[in-house]
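Visitor: Got a structure here, written out as structure tokens. Questions coming.
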């Protein structure tokens, strides 16, 4: 384990950036193309994780533990968000018998 | 050798996350998401962020994903229930996503931080280190996050409760 | 007691009278009000006489009395100060003297009016402002008096305000005066700009060094003349004066015959230094004066209201005075102001006595044969009529002929107009006299039995004024009659110097003869027409010849003004209000609000409620922002 | 300094007390307002009539932005402060006959407004000025919206949006000046010292001018005014016309002229033309108005047009005329609206043709009304004359034709005011006016005070001119100095 991590030093930071950007974009595409609220939710989780990874990478890069603390907070937030969000979805399903986001078009005017 | 490990795991992450959004069945999506998260855990380990790796494993793969699966099963959804979007929207969505990635990557390239990642402090991601941070300068946010979680819990309970019979 | 110590009492006393009568108008008895009202004027008159004689004995003819600083801003300093010199001292005598007689007359004339106290307080206020006007040592103090008398004129014309026609007449007088006042004010501004002061004592010495025909001076004098036109009822602003007869008759006598309307002449005589240097303005003044004299005389020919006849006669006589001013006969004009004050006040008071006797009947068609009933009134009015007609040796003859002689020297055409006017004047005055006093009474027998001579309080002023009207000419007896032209000498002490008359004595005699003959012909014609022929003017609706119609309807001037000024202004007003203000400007403002509303109605459709669309737009926005930072920053 | 703070915050304290006073609000607010009048008179008594800023208070406020609570009184401020503190008790007294519902709120709002107005008139810090400017708007909005007449919500909305739109421009101007200011503060002296080129000055000029022009209001920004004056409760109208519109005039003198003299020089021609159009246009409109309040509203536009013309003539006479006329117009217009209110409360109508013959039934009212009307038409011997005379003289120095056209106000004013007076007061009484009760009690008191002021200030205006003279002169010197230094 020690060995592995010390050897990790070779990966340039911007490769992490690319990776996270790609995953983040995949999350965005998911949000854009899917209509199932739960899948959209999952895509959001993907985006959050991409950010988490990037934060960790930068934390390591600049030798600052605050970045990782942030990730920890984001995780706490994600947990809260998922709890409330899924509760809302359940509610919506109960009322509309559907979790198609296009059904939720009352948010206008 | 280990750089190769990174690229390998990164490829897996991308593939799995693609599967998440392209899988027809939401259950499959969730499963692929769990795999994606697992690759992320590996990434954390590679970055020597052991505490985060563990937390990620427990919270995301454990708690959150179980919640997703639970809800999916509760609602008894399958692929037929989701009306697919029109192809046009899909294509536009993909194009927009591509634009986003191009822009993101392009802007990062312009920033060009390509110095290799060097781990200066071996104990950076260890529990001890993070604990000192958390309970030191970040004590107040930490305590506030507990409030947040409490609020979320209360909210979730309140929301998922069946409405009282309206008068 | 020097002049400086006394002078402030002259205007203060009438003001005190105004305050006491004004506050006590409901509580004081009528007798007390009358005594206070007339008493203060009498006291003023006595002081004026003292001042007049001490000035006569004084080597220094001009005293400036400083009271306090009124307005000062930047380089502008306007003190409230009085100027006592021959010109103003003689005006003081007229105002307080005739003023007192008219007050006395009013105690009886207005006795039965419920607004007795109010009337006297207004009259006192008028005297106060008039004194301020003539005493002011600068144009602004003069302007206070100028507008103040306008105010009193407004109040007194509209004295019986429940009659809305009277109230309208009052408003008309005020507004037309204001038109002139604007000219006056602009003239004052120009003077301040040009001379750096509004003080007589600073302006006149500077102006005296200037060359005639200076453009600024011409502009100043024209503006001042516009002011005079408004106040002294000259063309084209004279139509308010006949309407002003709506006021009680003593008011007509005091304000609209003897004093206020001559303020314009006073002002121009006061500024004669400036006017002398602006020949162009003088030309205009002469023409306007002559035209006014003629037009008003023509109108007076066919009027049937006894006071209207006198009103047009006043306008006509004022025209004479302006003619005099225009041709440079400042003393002559001022002389005419004096004599006119005597005989016109007399005529108005006489007319008032007739009206009083007739129980407020003013139409001459209902009078006639009053000579027996009102002997004193008849006699005194006859003297007044002879004086105004210009028959020697009464006062009007001398003053009128002085003006006419100067007019002849200036331009025979103007003189011709003057003589024609004199002829017309004599005619309509005798017509009025004959219609009123000779022939048979044209009312019912019952009414006739109630006609009676006025009480002594009314006839005494008539008699005093009749004496003055008869002998007033001696104060400026011309050289041709062996006089020494006292008034001219006196006024030259105030810097009022008129052009020398450069006519041979024979020419002067010829001129006088012409106008006297004209007046006598007019007298005879009126006699044959109205006494021998016993003609009575036809009723209002009866057909008239074109010329008579024009005269009877006052050349349709009121209608013309109404058509070319009042109506268009009102139309503009409605147009501005309904179209420009409400539709256009407010339309733009409301349109802005409306379009915001409409735009938001349109834009809110973008909020389709489709969450997918929102997310899509959000991503687009993020991409755009990133692109922007990537490309430009 | 303490005196000034007391002056500004006494009404605010009064407002708070009044708000909780319930039924005795009327009395308490009267006492407070009279106390602040006494205080203002005391300050005026200790005021040394030179150009300096006195009773200065300069306290730190929002240090990060360089904002200070900087207020002081010079001659120009002194006059408007006197006006404000003089009119507020009069306005409060004039409401005695009314039974407004929720009087505590009503009087508290009036007193609150007084504080806002005093802030505007004494502020030496642009930020403070702006705060006062908006603070004065809030109470009047509520006064009009709660106690106003028919259609009040829509009209009030228009008024509010109109004024706020103007304020927005001014705020932009202030922020721009702040950004240009090397000292990073909002102090008026620092703003005076700024060196802006003529293009910048032009923009700032318009930003400020629009705000002030709407408040005054100058043609063509006036269309909110007649409606608002007509629907507002009388006390609201008095506040608006008597004091509030002076904020705009004061703003022009204090903030516009010295900060952007070049801008003023470049654009004063246009401002002059607008002012003069306003005079003639509003006077003409007043000719045929059928509603007395609306007529007075339009006459007010005409008068303000003359004031602003006098200011933009940029000379001593015009400026001092403007100062005097601000005070005179405040007094006269409050008097006019009060008389109209008395008439309205007895006959329940504002329609000119329905009235008539009131003079017969109410001779005292007829006299005071006449005096106020004469003050409004600027008869010599009344306060209106001093102001209009100096203003016209100032405008005259700008150009003879401008003076001639502006001078039409003398004629037109007489026409519409006397027309109204005749139709309302003179003539025969009718069924509405036959039982008209003459003025009594507080009505008498208020109207006599107003008439006394009209005449006293008309006969002896020297104290007013004396207070303002040095400050106005100083201001004009400042402007001219800056203009010459630019060239």
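The values are calculated or read from the model by the stated rules, or taken from the named source; none is laboratory data. Everything quoted here is computed from the prediction, not taken from an experiment. A quick note on method: Cβ atoms are made from the backbone with ideal geometry, for glycine too, and the neighbour counts reach across all protein chains shown.
Visitor: Taking into account only those residues within the range D:298-327 that are within 13 Å of the chain's Cα centre (by Cα) and within 13 Å of another protein chain (Cβ to nearest Cβ), which is surrounded by the most Cβ atoms within 10 Å (Cβ to Cβ)? Working first, answer last.
Guide: In the first step, residues of the range D:298-327 are kept if they are within 13 Å of the chain's Cα centre (by Cα); the result is D:300-301, D:303-305, D:307-308, D:322-327.
From the residues that got through so far, the ones that are within 13 Å of another protein chain (Cβ to nearest Cβ) too are D:301, D:322-325.
Details: D:301: 26, D:322: 30, D:323: 32, D:324: 29, D:325: 27.
By that ranking, first place goes to D:323.
Visitor: For the range C:528-566, enumerate the residues that are over 19 Å from residue C:428 (Cα atoms), assigned to a helix (DSSP H, G or I) and over 22 Å from the mean Cα position of the chain (by Cα). Talk me through it step by step, then tell me what you get.
Guide: Our first condition is that a residue be over 19 Å from residue C:428 (Cα atoms); within the range C:528-566, this holds for C:541-543, C:556-566.
Subset that is assigned to a helix (DSSP H, G or I): C:556-566.
Those that are over 19 Å from residue C:428 (Cα atoms), assigned to a helix (DSSP H, G or I) and over 22 Å from the mean Cα position of the chain (by Cα): C:563, C:564.
Table: residues versus (1) at pLDDT 85 or above; (2) out of contact with any strand residue (DSSP E or B) (no Cβ under 8 Å at 6 or more places or on another chain).
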{"residue": "A:24", "(1), (2)": "yes, yes"}
{"residue": "A:31", "(1), (2)": "no, yes"}
{"residue": "A:54", "(1), (2)": "yes, yes"}
{"residue": "A:68", "(1), (2)": "yes, yes"}
{"residue": "A:94", "(1), (2)": "no, yes"}
{"residue": "A:99", "(1), (2)": "no, no"}
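Visitor: Looking only at the range C:581-633, which residues are touching a helix residue (DSSP H, G or I) at 6+ places or on another chain (Cβ under 8 Å), farther than 25 Å from residue A:99 by Cα and either within 14 Å of chain A (Cβ to nearest Cβ) or outside any helix (DSSP H, G or I) (or both)?
Guide: Residues of the range C:581-633 touching a helix residue (DSSP H, G or I) at 6+ places or on another chain (Cβ under 8 Å): C:581, C:589-590, C:593, C:610-612, C:615-616, C:619-620, C:622-623, C:626-627, C:629-630.
This time we only want the ones that are farther than 25 Å from residue A:99 by Cα, so: C:581, C:589-590, C:593, C:622-623, C:626-627, C:629-630.
Within the range C:581-633, C:622, C:623, C:626, C:630 qualify.
Visitor: Is there a residue in the range A:81-104 that is within 7 Å of another protein chain (Cβ to nearest Cβ), closer than 30 Å to residue B:126 by Cα and buried (at least 18 other Cβ atoms within 10 Å of the Cβ)?
Guide: Within the range A:81-104, one or more residues are within 7 Å of another protein chain (Cβ to nearest Cβ), closer than 30 Å to residue B:126 by Cα and buried (at least 18 other Cβ atoms within 10 Å of the Cβ).
Visitor: Considering only the range C:238-291, give the helices (runs of 4 or more DSSP H) lying wholly within it that have at least 1 residues that are modelled with pLDDT of 85 or more and under 26 Å from residue C:493 (Cα atoms).
Guide: Details: elements: C:240-243, C:249-253, C:263-270, C:272-276.
Fully inside the range C:238-291 and qualifying: C:263-270, C:272-276.
Visitor: Just one of (1) in a helix (DSSP H, G or I); (2) more than 14 Å from every other protein chain (Cβ to nearest Cβ) trips up residue D:196, so point out which.
Guide: (1)
Visitor: Among the candidates D:235, D:225, single out the residue that is within 14 Å of chain C (Cβ to nearest Cβ), touching a residue at least 60 places away in the same chain (Cβ under 8 Å) and assigned to a helix (DSSP H, G or I).
Guide: Values: D:235 fails: within 14 Å of chain C (Cβ to nearest Cβ).
Criteria check complete, one pass: D:225.
Visitor: If you don't mind, there's one more thing I want to ask. Checking the conditions here, which among D:16, D:32 is in a helix (DSSP H, G or I), at pLDDT 90 or above and surrounded by fewer than 16 Cβ atoms within 10 Å (Cβ to Cβ)? Give the derivation first.
Guide: Values: D:32 fails: surrounded by fewer than 16 Cβ atoms within 10 Å (Cβ to Cβ).
Just one listed residue meets the conditions, D:16.
Visitor: Here is a further query. For the range B:7-121, list the helices (runs of 4 or more DSSP H) that sit wholly inside it and hold at least 2 residues that are at negative phi, modelled with pLDDT of 85 or more and at the interface with another protein chain (Cβ under 7 Å from one of its Cβ atoms); which are they? Step through it out loud before you land on a result.
Guide: On the way: elements: B:26-46, B:50-55, B:65-75, B:87-111.
Answer list for the range B:7-121: B:26-46, B:50-55.
Visitor: Just name the residue that is farthest from the chain's Cα centre (by Cα) out of those in the range A:21-44 that are within 7 Å of chain B (Cβ to nearest Cβ) and within 19 Å of residue B:66 (Cα to Cα).
Guide: Within the range A:21-44, the subset within 7 Å of chain B (Cβ to nearest Cβ) is A:21-23, A:25-26, A:28-30, A:32-36, A:38-39, A:42-43.
Subsequent filtering for residues that are within 19 Å of residue B:66 (Cα to Cα) retains A:36, A:38-39, A:42-43.
On the way: A:36: 17, A:38: 13, A:39: 12, A:42: 8, A:43: 7 Å.
Among those residues, the one meeting the criterion is A:36.
Visitor: Looking only at the range C:123-162, which residues are touching a residue at least 60 places away in the same chain (Cβ under 8 Å) and surrounded by fewer than 23 Cβ atoms within 10 Å (Cβ to Cβ)?
Guide: C:159, C:160
Visitor: Conditions first: (1) assigned to a loop (DSSP other than H, G, I, E, B); (2) crowded, with 24+ Cβ neighbours inside 10 Å. Residue D:356 passes all but one, so which condition is the exception?
Guide: Of (1) assigned to a loop (DSSP other than H, G, I, E, B); (2) crowded, with 24+ Cβ neighbours inside 10 Å, only one is false for residue D:356: (2).
Visitor: For residues that are modelled with pLDDT under 85, over 17 Å from residue C:337 (Cα atoms) and either within 25 Å of the chain's Cα centre (by Cα) or in a helix (DSSP H, G or I) (or both), tally how many sit in the range C:377-396.
Guide: The number of residues fulfilling the criteria is 0.
Visitor: Check whether at least one residue in the range D:414-429 is crowded, with 21+ Cβ neighbours inside 10 Å and either more than 12 Å from chain C (Cβ to nearest Cβ) or not in a helix (DSSP H, G or I) (or both), and report yes or no.
Guide: yes
Visitor: Please count how many residues of the range C:173-197 are surrounded by fewer than 23 Cβ atoms within 10 Å (Cβ to Cβ), over 14 Å from residue C:224 (Cα atoms) and more than 8 Å from chain D (Cβ to nearest Cβ).
Guide: Summing the residues that are surrounded by fewer than 23 Cβ atoms within 10 Å (Cβ to Cβ), over 14 Å from residue C:224 (Cα atoms) and more than 8 Å from chain D (Cβ to nearest Cβ) in the range C:173-197 gives 4.
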